[in-house]
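Every number in this text was worked out from the coordinates using simple rules, so none of it is lab data. Source: prediction; values computed, not measured. All Cβ positions, even for glycine, are placed from backbone atoms using ideal geometry, and neighbour counts span all protein chains on display.
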């Protein structure tokens, strides 16, 4: 079977990771590379043998010069709307990095444009596609945990990214926490209804915006999630997945440093074997994207589905700023 052709826009650090996964894929092949920085473009091309005539510093030039089925958008969220709308205009399906867009208005514009063009638009919520979360999702769905009452999530990292992230307002919430909010929806099988939040500006914060958040998220169905996240940790760190305690009527499910445990007694917990996955993270997303194009089915992380995850991040920011309970529907209007 012939591989599907994809144009990749964005070849920075995350872009290189994606380019590796495309190069390894049995479904996809890179038709062209696009990046505004010539040196970045040249390095990526050398890495995977992309001919110079298929390397572009302009997306418009690439879309006019080459033919492909899809676009892989690994650009910063501020560019998402323009990049995706250009791809839809040329008849391409799109798989984009998260977040879906920098604002809810732009996110809705992208989702509406995909629907109007009858193109598939999928968001790369890769954290869903790991053995620990796929195992936890199945465990919960089986009923072995019983009705979920509350969830605690603790995330602590201290990265020094530099660049646009350190200039963002609320960089943790707007760039990273969407992974954790999306995982809540994935594991509990429900959307976020409303949030409370308080932001903390630690004295040693090296970001322009506040990078520590305490949030309470009310899920449709009744469960409540307590979320504490920080991007300015000065010591022992959690995994990028965060540490989780999911409390149910029949016991508690614990995710700790990417391992899974179940406990239904105060002094004991038992390891839960993780399922094996042929492909994880970006490799799994590429496979699911290809299957969605073949079947015409809506992907699990379609833009439409992902709107609640994105709206939750903006609701948390609004709740922190205004010190009030914010229904997520306010951001969806």
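Quick one: helix 178-188 against the long Cα principal axis of the chain, what's the angle to the nearest 10°, folded into 0 to 90?
Approximately 60 degrees, to the nearest 10.
Give, in whole angstrom and from largest to smallest, the semi-axes √(5λ) of the equivalent ellipsoid of the stretch 121-204, with λ running over the eigenvalues of the Cα gyration tensor.
Over the Cα atoms of the stretch 121-204, the semi-axes work out to 28, 16, 12 Å.
Counting other C-beta atoms within 10 Å, which of 93, 48, 156 has the fewest, and how do the rest follow?
48, 156, 93
Could you work out how far helix 104-117 tilts from the main Cα principal axis of the chain, as a 0 to 90 degree angle to the nearest 10?
That works out to roughly 50 degrees.
Taking a ≥ b ≥ c as the square roots of the eigenvalues of the Cα gyration tensor of the stretch 1-79, is the shape rounded (a/c under 1.5), prolate (a/b larger than b/c) or oblate?
Rounded is the answer for the stretch 1-79, as its axis ratio a/c remains below 1.5.
Using helices alone, what [θ] at 222 nm do you get for the chain, with -39,500 (n - 2.57) per DSSP H run of 4 or more residues, divided over all residues and rounded to the nearest 500?
-10500 deg cm²/dmol
Translational diffusion coefficient, Stokes-Einstein: compute it for the stretch 1-144 using the Kirkwood radius over C-alpha pairs as Rh, at 4 °C and 1.567 mPa s, and state it as an integer in µm² s⁻¹.
81 µm²/s
Could you let me know the centre-to-centre spacing of the stretch 1-75 and the stretch 125-184, using Cα atoms, in angstrom?
28 Å
Send over the semi-axes of the stretch 261-333's equivalent ellipsoid, whole angstrom and largest first, taken as the square roots of 5 times the C-alpha gyration tensor eigenvalues.
That gives 31, 28, 9 Å for the three semi-axes.
Please label the shape of the stretch 228-270 as rounded, prolate or oblate, based on the square roots a ≥ b ≥ c of the eigenvalues of the alpha-carbon gyration tensor (a/c under 1.5 means rounded; beyond that, a/b larger than b/c means prolate, else oblate).
In terms of gyration-tensor shape, prolate.
Based on the Cα atoms of the stretch 40-102, what semi-axes does the equivalent ellipsoid have, where each is the square root of 5 times one gyration tensor eigenvalue, given in whole Å with the largest first?
Whole-Å semi-axes of the equivalent ellipsoid: 20, 15, 10.
When the chain is treated as a GNM, springs tying every alpha-carbon pair under 10 Å, which of 95, 85, 274 comes out with the largest mean-square fluctuation?
274
Calculate, in whole percent, how much of the Cα-Cα pair population of the stretch 160-230 lies beyond 17 Å. All intermediate terms of the calculation are to be shown ahead of the outcome.
On the way: 1112 of 2485 pairs.
Percent of Cα pairs beyond 17 Å in the stretch 160-230: 45.
Using a Gaussian network for the chain with springs between C-alpha atoms less than 10 Å apart, which of these wobbles most: 165, 21, 276?
So, out of 165, 21, 276, the one fluctuating most is 276.
Length gain on complete extension for the stretch residue 269 to residue 295, per 0.36 nm per residue less the alpha carbon to alpha carbon distance?
Answer, rounded to one decimal: 5.2 nm.
To make sure I understand, if each residue's beta carbon is the centre and we count other beta carbons within 10 Å, what order do 328, 66 fall in, fewest to most?
Fewest to most other Cβ atoms nearby, the residues stand as 66, 328.
Can you tell me the 0 to 90 degree angle between the C-alpha axis of helix 281-295 and the longest principal axis of the chain, rounded to 10?
It works out to around 70 degrees.
For the chain, rounded, prolate or oblate, judged on the Cα gyration tensor with a ≥ b ≥ c (square roots of eigenvalues), a/c < 1.5 rounded, else prolate if a/b > b/c?
prolate
So if each residue of separation counts as 0.36 nm, and I subtract the Cα-Cα distance between residue 325 and residue 58, what length gain in nm does that give?
91.8 nm
Can you sort 244, 231 so the residue with the fewest Cβ neighbours within 10 Å comes first?
244, 231
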